[in-house]
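Here the structure comes first, spelled out in structure tokens, and everything after it is commentary.
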Amino acid sequence: MDRNGSYLATSEKVYTLILDPRQMYSDERNECVEPTIQLLNECFGFDTAELRETITGRKDSSYIRYRKQMTFEEKEQFETASRERNEAFKKNNEAKKILGVWFEDEYRRVYPNGATACNSVGCNVIGFAQKDGSTGSGGIEQYYNSELIGNNGREYGYLTDDSNLERVIKPAENGNTVVSTIDLNIQKICEKYIDEWQG
């Protein structure tokens, strides 16, 4: 953030759509592939021929990264439609099922004020984050990387002496917010005049 609390850079959760053809073909009657392709087309406008070729061409694969950086709304739209469609199939005693599609979390770096403090003049000030938002490169991003990234949560289990399963949950922790001494308005004015001078 700048000194007044305006965000200079932030991370936004996005999703990668994963296809699992092996799961789609796990049904002996193959009643999952076409309904799943149709729903993906309805929700996202994906080309059905391309989807069919991807899925049938890699029947043994359990992990195909098909589309990156999808929004939460897109993910929710598909999951809700999938649930409703599967309930309707079950109610009508149809063997069809939407299957073999899931979403993987990732993050992308967002600069709410555009290029301010991130352009050719100010890139050394804020720095950059890798594509997945996990590692800073240069500037504030790199210097405070360990403070910014937070920690992933974990769940694991172990057997006690009595053969009882004990679960341990380590909750995820958000990264911290770094408040810089940059004043966004002053930065914009300085960059404007430096650009004019360079031009």
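The values are calculated or read from the model by the stated rules, or taken from the named source; none is laboratory data. Everything quoted here is computed from the prediction, not taken from an experiment. Cβ placement follows ideal geometry from the backbone for every residue including glycine, while neighbour counts extend to all protein chains displayed. Heads up: the accessible areas ignore ligands, DNA and RNA and are worked out on the full protein's heavy atoms, side chains in. Shrake-Rupley method; radii C 1.70, N 1.55, O 1.52, S 1.80 Å.
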Criterion (open to solvent by 20 Å² or more (accessible area, probe 1.4 Å) and hydroxyl-bearing (Ser, Thr, Tyr)) met by exactly one of THR36, THR48: THR48
Number of the exception - GLY157 against (1) in a loop (DSSP other than H, G, I, E, B); (2) touching a strand residue (DSSP E or B) at 6+ places or on another chain (Cβ under 8 Å); (3) small (Gly, Ala, Ser): (1)
Residue ranges of helices (runs of 4 or more DSSP H) in region 1-108 with at least 3 members among the polar types (S, T, N, Q): 33-44, 48-57, 72-91
Every residue from region 31-55 that is over 23 Å from the mean Cα position of the chain (by Cα) and of a type in the set (Gly, Ala, Ser): ALA49
Hey, PHE72 surrounded by fewer than 16 Cβ atoms within 10 Å (Cβ to Cβ), among the aromatic types (Phe, Trp, Tyr), within 25 Å of the chain's Cα centre (by Cα) and on the phi < 0 side of the Ramachandran plot or not: yes
In region 3-33, the residues that are open to solvent by less than 60 Å² (accessible area, probe 1.4 Å), among the hydroxyl-bearing types (Ser, Thr, Tyr) and closer than 26 Å to TYR107 by Cβ: SER6, THR10, SER11, TYR15, THR16
Subset of region 157-177 [open to solvent by less than 100 Å² (accessible area, probe 1.4 Å) and either in contact (Cβ under 8 Å) with a residue 12 or more places away in the chain or among the charged types (D, E, K, R) (or both)]: GLU166, VAL168, PRO171, ALA172, GLY175, ASN176, THR177
